[in-house]
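Trainee: Dumping the structure here so I can ask a few things about it.
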Amino acid sequence: MNWGHVTAVAKKDMKGITSNIQVLIGLILLPLLFGIILPAVFIILVKTGNVNSMNIGELIEKLVTQFPAGEIKEKLLSFPTTEHQIIYMFANYMLGPFFLLIPVLNALMISLNSLVGEKERRTLESLLFSPIDLKSLFFGKLIATFIPTLAVTIASFLLCTIIVDGLTYSMFGGLIFPNWSWIIILLWVTPMLTALVIQFSIMISARSKGFQEAQQLGGVIVLPIIALAISQITGLVFLSMQLLLAIGLVLLLINIVMLKWVAKFNQRHYLFERQVH
């Protein structure tokens, strides 16, 4: 593998991200939706609305009772009102899975556009005939997706922190966000999940005839995140720090196995036959 070639491919792909309107909209819209609009609207509704009429109060009470005895449960029970419990639970525990959709969907769109985009722009032939080895091409495209995805995710997290703490500071008399679970999500789970999504997406992209076909196949990746979000809201799963660390470790092991498999599976002649002809 030639790191000069890897860098060249990565720089070229990152420069081309803004040329695809679907990718560009995702980079802007997803952080706005899950990093600003969703937390802001929810917190404002809880602060100004009737909790009982929103049918959230009973759900939160049920979730609190299901919490294992410990610091988290004691903290929730110490809050003076149900509104405090709802906002704290939403910001620190329920919002996490939805926030993970930012790196997942952005990594999905950028990486799916990678090889398929080369075909649609009629530039894949020149790459396949160039002296760049396929492993360097693969790693270059992986890095070109990983860096902007992680950068957008961190920026979204900072915006979300400002929104949540800005709207709740007067209510709680201090900062409530983020907690340690969020730090693990941002620095451990997100990079591992992003890398896995990119590898899976590049594999699909390399074998799809067009961006729409690749997008439909890649959409399957989103389903586990949605299932995790529903499980967290309904109380079926509680994303504790220990569980998040374990999830990150499992993703790391899958990444290692898949990295070797995908790199060997992408053969130059196969890509040429499937993408060019």
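Just so you know, all these numbers are worked out from the coordinates, no wet-lab data involved. All values derive from a computational prediction rather than experimental measurement. Positions of Cβ are backbone-derived with ideal geometry, glycine not excepted, and every protein chain shown enters the neighbour counts.
Trainee: Sort 194, 81, 7, 145 by Cβ crowding within 10 Å, fewest neighbours at the top. Intermediate values should be presented prior to the final figure.
Mentor: Numbers: 194 26, 81 11, 7 15, 145 30.
Taking fewest neighbouring Cβ atoms as first place, the list is 81, 7, 194, 145.
Trainee: Calculate, in nm to one decimal, what residue 74 and residue 133 gain on full extension: separation in residues at 0.36 nm each, minus their alpha carbon distance. Don't skip to the answer; put the middle values down first.
Mentor: Numbers: separation 59, 0.36 × 59 = 21.24 nm, distance 5.71 nm.
Once the chain is fully extended between residue 74 and residue 133, it gains 15.5 nm.
Trainee: Something else: Suppose each label sits 7 Å from its Cα in the direction of the beta carbon; what would the residue 220-residue 165 distance come out to in nanometres?
Mentor: About 4.1 nm, to one decimal.
Trainee: Where does each of 100-113, 165-178 land if you order them by average Cβ count within 10 Å, highest first? If you can, show how the numbers build up before the last one.
Mentor: On the way: 100-113: 26.0, 165-178: 14.8.
Those peptides, ordered most packed to least, come out 100-113, 165-178.
Trainee: How would 133, 13 line up from fewest to most surrounding beta-carbon atoms within 10 angstrom? Write down the numbers at each step before the final one.
Mentor: Working: 133 14, 13 22.
Listing 133, 13 from fewest to most nearby Cβ atoms yields 133, 13.
Trainee: Ok, one more. With the crude spin-label approximation of a point 7 Å out along Cα→Cβ, what separation in nm comes out for residue 155 versus residue 65?
Mentor: Here the answer is 4.5 nm between the modelled labels.
Trainee: Would you please give the FRET efficiency between residue 256 and residue 3, computed as 1/(1 + (r/R0)^6) with r the Cβ-Cβ distance and R0 = 30 Å, to the nearest 0.05? The partial results should precede the final answer.
Mentor: Numbers: r = 20 Å, r/R0 = 0.66.
With a Förster radius of 30 Å, E is 0.90.
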